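K.L.:
Let me give you the structure first, and then I'll get to my questions.
The values are calculated or read from the model by the stated rules, or taken from the named source; none is laboratory data. Bear in mind the structure is a predicted one, so any value in this text is a computation, not a measurement. Using ideal geometry, Cβ is built from the backbone for each residue, glycine included, and neighbour counts are taken over all protein chains shown.
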Amino acid sequence: MSAKIRVAIIAASLKYVGGQSVQADLLLRNWKCDAEVEAKLIPIDPPFPAALAWVEKIPGLRTIIREPLYLLEVWRGLKDADIAHIFSAAYWSFLIAPVPAWLVARLRGKKVLIHYHSGEARDHLQRFASARSVMNKVDTVVVPSNYLADVFREFDLPTEVVANVIDLEQFAFRERRQLRPHLVCTRGFHAYYCIDVVVRAFAEVRKVYPKAQLDLIGKGELEGEIHQLVQDLHLEGVNFAGVASRQEIGACYDRADIFINASRLDNMPVSVMEAFAAGTPVVTTSPECMPYLVEHEKTGLLSPVGDPDALAGNVIRLLRQSDLATRIARNAHLASEAYRWEDVRKRWLQVYSKLLQRPEV
């Protein structure tokens with residue numbers, strides 16, 4: 001057995017920036033040159049050969065054609081690995097990427113860890129008996145939040161909890177003595193993130209603060225609808241900034257004075273953790289998971305899901321109560337230290353060592 005624990009991380013590459021791809025990249029970068037772990041990426045989205053490059057533009061077809069390429073990459077990549085660390089979302093994506101990787105890992109005789117991230121876990125596990133069956137058969141299921149651990153417990157599925165990691169070097173804490181009405185939202189334009197509620201809340205803020213600004217950082221299938229909503233509301237001050245790279249994301253938080261989020265479904269949103277690290281006070285709706293991360297009036301302000309007026313009210317409250325905003329930002333920044341690599345690394349080493357029945361290092 002190798003002196004180092006050899007881990008193959010099976011996840012999306014940064015070709016499409018998303019929560020899982022960013023987390024996988026952070027793990028890979030932090031494990032680099034580590035004394036205990038040797039990690040490598042097996043992408044679920046391997047590039048096509050030049051002759052098939054045109055397939056990339058056709059969503060359904062590219063999935064079908066990419067699958068055998070992906071399976072070949074998994075087979076080859078697991079040859080020298082001790083652990084298959086498989087990132088997972090819900091529903092059909094679970095069947096397309098994690099399940100085949102698990103089957104190949106079993107054929108290879110490797111230990112298998114499913115790293116499950118979806119806030120849709122309860123519905124997924126209720127509707128897909130196959131998901132429950134696979135989760136029962138893998139060696140370990142890891143989730144990034146106590147919320148997901150509680151959901152899995154409802155189905156008698158044990159989990160290990162290892163928090164998401166954030167790169168604290170990307171975010172410089174800035175204490176905002178007097179908040180400006182400059183808001184930022186770094187969520188994608190997807191239905192469950194409810195960017196429309198963010199925009200409607202911002203419209204209410206503009207009635208009180210006519211010079212307020214809102215930076216929307218991200219892309220997604222609903223972007224056109226959000227552009228249309230801004231036009232319909234005759235709303236100024238909205239900046240569609242596109243996707244921010246790893247090198248740029250810290251500046252997005254630093255430019256703003258309030259982070260706003262309106263998700264109706266979530267898990268452990270890294271965007272909120274990043275706002276904590278940057279000192280950008282958090283105003284967010286409260287889907288079931290959120291109180292596990294944000295404590296109302298201590299590390300952020302919570303409001304009911306789908307209520308733009310309540311969301312706007314909390315923004316205005318922070319703008320009017322600078323002491324509250326300062327206290328929240330300081331508390332949140334302290335909370336963000338739990339997501340630093342030093343602490344997360346220890347938990348991963350415990351999980352990996354337990355899988356291989358090695359003494360913890």
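K.L.:
Specify which of the listed residues (271, 286) is out of contact with any helix residue (DSSP H, G or I) (no Cβ under 9 Å at 6 or more places or on another chain), among the polar types (S, T, N, Q) and in contact (Cβ under 8 Å) with a residue 12 or more places away in the chain.
P.N.:
Matching residue, one of 271, 286: 286.
K.L.:
Another one. Among 144, 181, 98, which is outside the structural domain of residue 53 (by TED's automatic domain parsing), out of contact with any Cys (no Cβ under 6 Å at 6 or more places or on another chain) and crowded, with 21+ Cβ neighbours inside 10 Å?
P.N.:
181
K.L.:
Additional query: Suppose we filter 9, 44 for residues that are in contact with a strand residue (DSSP E or B) (Cβ under 6 Å, 6 or more places away or on another chain), surrounded by 16 or more Cβ atoms within 10 Å (Cβ to Cβ) and under 19 Å from residue 73 (Cβ atoms); which single one remains?
P.N.:
9
K.L.:
Which residue pairs have Cβ atoms closer than 8 Å, lie 6 or more positions apart in sequence or on different chains, and pair a first residue in the stretch 191-216 that is closer than 13 Å to residue 284 by Cα with a second residue that is polar (S, T, N, Q)?
P.N.:
Matching pairs, first to second residue: 193/261; 193/263; 194/263; 194/285; 197/285; 198/261.
K.L.:
Which residues, taken from the stretch 122-131, are in contact with a helix residue (DSSP H, G or I) (Cβ under 6 Å, 6 or more places away or on another chain) and either more than 18 Å from residue 100 (Cβ to Cβ) or not assigned by TED's automatic domain parsing to the domain that holds residue 155 (or both)?
P.N.:
First, the residues of the stretch 122-131 that are in contact with a helix residue (DSSP H, G or I) (Cβ under 6 Å, 6 or more places away or on another chain): 122, 124-125, 131.
122, 125 - these are the residues of the stretch 122-131 that are in contact with a helix residue (DSSP H, G or I) (Cβ under 6 Å, 6 or more places away or on another chain) and either more than 18 Å from residue 100 (Cβ to Cβ) or not assigned by TED's automatic domain parsing to the domain that holds residue 155 (or both).
K.L.:
Next question, about the same structure. Considering only residues that are of a type in the set (D, E, K, R) and either surrounded by 15 or more Cβ atoms within 10 Å (Cβ to Cβ) or closer than 22 Å to residue 258 by Cα (or both), which ones fall in the stretch 226-235?
P.N.:
Of everything in the stretch 226-235, nothing turns out to be of a type in the set (D, E, K, R) and either surrounded by 15 or more Cβ atoms within 10 Å (Cβ to Cβ) or closer than 22 Å to residue 258 by Cα (or both).
K.L.:
Hey, among 277, 172, 251, 201, which residue is of a type in the set (A, V, I, L, M, F, W, C), in a helix (DSSP H, G or I) and surrounded by fewer than 20 Cβ atoms within 10 Å (Cβ to Cβ)?
P.N.:
251
K.L.:
Within the group 166, 226, which residue is among the β-branched types (Val, Ile, Thr) and in a loop (DSSP other than H, G, I, E, B)?
P.N.:
The unique qualifying residue is 166.
K.L.:
From 35, 53, 11, which residue is over 30 Å from residue 340 (Cα atoms) and out of contact with any Asp or Glu (no Cβ under 6 Å at 6 or more places or on another chain)?
P.N.:
That would be 53, the only listed residue that is over 30 Å from residue 340 (Cα atoms) and out of contact with any Asp or Glu (no Cβ under 6 Å at 6 or more places or on another chain).
K.L.:
Continuing with the same structure: Would you say residue 76 is surrounded by fewer than 21 Cβ atoms within 10 Å (Cβ to Cβ), under 20 Å from residue 136 (Cβ atoms) and in contact with a strand residue (DSSP E or B) (Cβ under 9 Å, 6 or more places away or on another chain)?
P.N.:
Criteria not met by residue 76.
K.L.:
To continue, here is another question. Output the number of the condition that residue 87 fails; it satisfies all remaining conditions of (1) of a type in the set (A, V, I, L, M, F, W, C); (2) in contact with a strand residue (DSSP E or B) (Cβ under 6 Å, 6 or more places away or on another chain); (3) outside any strand (DSSP E or B); (4) within 24 Å of residue 158 (Cβ to Cβ).
P.N.:
Of everything listed in (1) of a type in the set (A, V, I, L, M, F, W, C); (2) in contact with a strand residue (DSSP E or B) (Cβ under 6 Å, 6 or more places away or on another chain); (3) outside any strand (DSSP E or B); (4) within 24 Å of residue 158 (Cβ to Cβ), residue 87 misses just condition (3).
K.L.:
Within the stretch 336-350, does at least one residue satisfy the condition of being in contact with a strand residue (DSSP E or B) (Cβ under 8 Å, 6 or more places away or on another chain), buried (at least 24 other Cβ atoms within 10 Å of the Cβ) and aliphatic (A, V, I, L, M)?
P.N.:
no
K.L.:
Among the numbered criteria (1) surrounded by fewer than 22 Cβ atoms within 10 Å (Cβ to Cβ); (2) at pLDDT 95 or above, which single criterion is violated by residue 90?
P.N.:
Of everything listed in (1) surrounded by fewer than 22 Cβ atoms within 10 Å (Cβ to Cβ); (2) at pLDDT 95 or above, residue 90 misses just condition (2).
K.L.:
Search the stretch 108-130 for residues being basic (Lys, Arg) and outside any strand (DSSP E or B), and hand back the single one that is farthest from residue 149 (Cα to Cα).
P.N.:
108
K.L.:
Looking only at the stretch 254-274, which residues are farther than 22 Å from residue 149 by Cβ and in a loop (DSSP other than H, G, I, E, B)?
P.N.:
Passing the criteria: 256, 257, 262.
K.L.:
Separate question: Looking at the stretch 47-72 only, could you name the residues that are surrounded by 15 or more Cβ atoms within 10 Å (Cβ to Cβ) and part of a loop (DSSP other than H, G, I, E, B)?
P.N.:
48
K.L.:
Within the stretch 287-327, which residues are part of a helix (DSSP H, G or I) and within 13 Å of residue 272 (Cα to Cα)?
P.N.:
Within the stretch 287-327, 290, 291, 292 qualify.
One line per residue, one yes/no per condition, for (1) surrounded by 15 or more Cβ atoms within 10 Å (Cβ to Cβ); (2) under 16 Å from the mean Cα position of the chain (by Cα):
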site	(1), (2)
223	yes, no
243	yes, yes
291	no, no
308	yes, no
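K.L.:
Just to be sure I understand the filter: pairs with C-beta atoms under 6 Å, separated by 6 or more residues or on different chains, first member in the stretch 1-17 and at pLDDT 95 or above, second member surrounded by fewer than 23 Cβ atoms within 10 Å (Cβ to Cβ) and not in a strand (DSSP E or B). Which pairs pass?
P.N.:
5/82; 6/82; 8/77; 11/20
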